[in-house]
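Participant: Have a look at this one before I ask anything.
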Amino acid sequence: MPRRLRAIVAISLGIALVVIDGSIANVALPTIARDLGVSGSAAVLVVTVYQLVLVMTLLPCSALGERMGHRTLYQYGLLLFTAATILCFFARSLPFLLIVRIAQALGAAAALSVSMAMIRSIYPASQLGRGLGFNSVIVGSANAVAPTLGGLILGVAPWPWVFAAAAPFGVVSLLLARALPAPKPRDQPYDVLGAVLCASTFGLVVSGLESGVHGNSPVISGALVLTGLVIGRNFVKRELSASSPMLPLDLLAVPAVGFAAAGAFAAFMGTMTLIVMIPFQLQNDFGFSPSEVGTIFAVWPLTALVLAPVAGMLSDRFSVATLCLTGSSVAIVGMLSVAFMPAGAAEWDIAWRFILCGGGFALFAAPNMRSIIGAAPVHRSAAAGGLVATSRQLGQTLGATAGAILLAFDFGAGPLPGIVAAALMAFALLTAIGRLRLKARSGPAPDMPPV
């Protein structure tokens, strides 16, 4: 138990560092643009480059973790991230800052890609859902506190401190890292070509979509997406014959995992689409000030923080599919209620709708994550963790892109954003129904968690 507690603190601090420094830059973008003498659109690259590199490298890093060992890759990744975080303090030009952010994203991908696998090793099998629920609380808390923390730092110090202030979390996590589990690495060659194809597929498709949304040449944007799809087709064909594929097709072929991964992607995309649109809707359509919007919206993440560990503990005792079905149903009701909010709705009338959205998502996400991690063979835990992280990151990235598309075509007002989000969550609900039907046909295996 003492070692387990040290391991929990180590992994929690490391994840908190990665999440905080990954999102805290948003609040500092105007200041960065002014101090570095660049446009606001150029400063946004500080965020988009980080997100893009993270999406490109999560799966290659998870494959590397199976070869090197989970703890070893986590330590190297956290060391790189912490060093890059400190280097942000010395950035005096945008190109240098972007290079450092790329290094941060590589370190974050290395740490996040194996974090789920280590959580599986830290907690007993009977408490896996509880551990994943607590991890969701760490991620949610870090995301929630990042903007506030960034604003407080900018109020008393220059913008480089926004990045450097979280470095002590990384130092403490590295000092405690010896307590983390260290399963024996697998003696197998690393598929360098597969890593290049994987990164190229995600990088070209996502960057093509992003450039198209932001008004660049549609021809170039279409060419990037098409090239990425062609490379992706060849990548998938190549992975089909691999014994331990970098793209975890062997795990996706397990019905419970395939349903859960598809549901996670749809749920994160739908939720992010609505989250991106809400500030515009509340300010432009309802006349709330930015501070009032922040106060009202806070009930969404706070509800998720409270219910995530509860949902995780419930998943250790009850059917994951039933919990996911319940959570997605509640989230759909909340999203549709947001879509059809009456004009002039008061704060409390908006808040209860956000509570349904945040609570339903938490009740879906934590058990759904357990389904993926718990159903994977132990030697493929890192691949399962990479699949979870990629589903989340890709869903959030494409959700933000979908929100930008709605804004670009003047669909930000009215019920459409909520309807789109509810439709995506309805797909997640269908994946839960699919797992219930699967369970009804065959029942859970004796050595597997409930699907």
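Participant: Exactly one condition in (1) farther than 26 Å from Ala264 by Cβ; (2) modelled with pLDDT of 75 or more; (3) hydroxyl-bearing (Ser, Thr, Tyr) is false for Thr148; which is it?
Facilitator: Of everything listed in (1) farther than 26 Å from Ala264 by Cβ; (2) modelled with pLDDT of 75 or more; (3) hydroxyl-bearing (Ser, Thr, Tyr), Thr148 misses just condition (2).
Participant: When only residues in segment 189-198 that are surrounded by fewer than 20 Cβ atoms within 10 Å (Cβ to Cβ) and either hydroxyl-bearing (Ser, Thr, Tyr) or touching a helix residue (DSSP H, G or I) at 6+ places or on another chain (Cβ under 6 Å) (or both) count, which is modelled with the lowest pLDDT?
Facilitator: Once the filter is applied, the top-ranked residue is Tyr190.
Participant: Is there a residue being over 22 Å from Gln75 (Cα atoms), touching a residue at least 60 places away in the same chain (Cβ under 8 Å) and not small (Gly, Ala, Ser) anywhere in segment 9-21?
Facilitator: no
Participant: Assuming Gln104 fulfils every condition listed in (1) more than 20 Å from the chain's Cα centre (by Cα); (2) crowded, with 19+ Cβ neighbours inside 10 Å apart from one, which condition is it?
Facilitator: Going through (1) more than 20 Å from the chain's Cα centre (by Cα); (2) crowded, with 19+ Cβ neighbours inside 10 Å one by one, Gln104 breaks only (1).
Here is a yes/no grid of residues against (1) buried (at least 17 other Cβ atoms within 10 Å of the Cβ); (2) in a helix (DSSP H, G or I); (3) modelled with pLDDT of 90 or more:
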| site | (1), (2), (3) |
| --- | --- |
| Val206 | yes, yes, no |
| Gly212 | yes, yes, no |
| Gly215 | no, no, no |
| Gly222 | no, yes, no |
| Ser244 | no, no, no |
| Leu247 | yes, no, no |
| Asp250 | yes, yes, no |
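Participant: Checking the conditions here, which among Ser136, Ser173 is within 19 Å of Ile8 (Cβ to Cβ), under 17 Å from the mean Cα position of the chain (by Cα), surrounded by 17 or more Cβ atoms within 10 Å (Cβ to Cβ) and of a type in the set (Gly, Ala, Ser)?
Facilitator: Step by step, each of Ser136, Ser173 is checked, and only Ser136 is within 19 Å of Ile8 (Cβ to Cβ), under 17 Å from the mean Cα position of the chain (by Cα), surrounded by 17 or more Cβ atoms within 10 Å (Cβ to Cβ) and of a type in the set (Gly, Ala, Ser).
Participant: Which residue, of Arg186, Arg233, is in contact with a His (Cβ under 8 Å, 6 or more places away or on another chain) and among the charged types (D, E, K, R)?
Facilitator: The conditions single out Arg186.
Participant: Identify all residues within segment 252-274 that are within 22 Å of Gly334 (Cα to Cα) and either among the hydroxyl-bearing types (Ser, Thr, Tyr) or part of a loop (DSSP other than H, G, I, E, B) (or both); write none if there are none.
Facilitator: Scanning segment 252-274 gives Thr271, Thr273.
Participant: Using beta carbons and a limit of 8 Å, which pairs, at least six apart or on different chains, have the first residue in segment 211-234 and closer than 25 Å to Leu59 by Cα and of a type in the set (Phe, Trp, Tyr) and the second one at pLDDT 90 or above and buried (at least 17 other Cβ atoms within 10 Å of the Cβ)?
Facilitator: Partner pairs satisfying both residue conditions: none exist.
Participant: Inspect segment 167-177 for any residue being in a loop (DSSP other than H, G, I, E, B) and in contact with a Lys or Arg (Cβ under 8 Å, 6 or more places away or on another chain) and give the result as yes or no.
Facilitator: no
Participant: Additional query: For Ser141, are the conditions met, namely being assigned to a helix (DSSP H, G or I), of a type in the set (Gly, Ala, Ser) and outside the structural domain of Gln75 (by TED's automatic domain parsing)?
Facilitator: No.
Participant: Something else: Ala432 is checked against (1) free of Cβ contacts under 8 Å to residues at least 12 places away in the same chain; (2) buried (at least 22 other Cβ atoms within 10 Å of the Cβ) and fails just one. What number does that condition carry?
Facilitator: (1)
Participant: Okay, next question. Taking segment 67-97 as the search range and keeping residues that are closer than 17 Å to Leu45 by Cα and surrounded by fewer than 17 Cβ atoms within 10 Å (Cβ to Cβ), which one is modelled with the highest pLDDT?
Facilitator: By that ranking, first place goes to Phe96.
The values are calculated or read from the model by the stated rules, or taken from the named source; none is laboratory data. Being a predicted model, the structure only gives us computed values, none of them experimental. For neighbour counting, all protein chains shown are included, and Cβ atoms are generated from backbone atoms with ideal geometry for every residue, glycine included.
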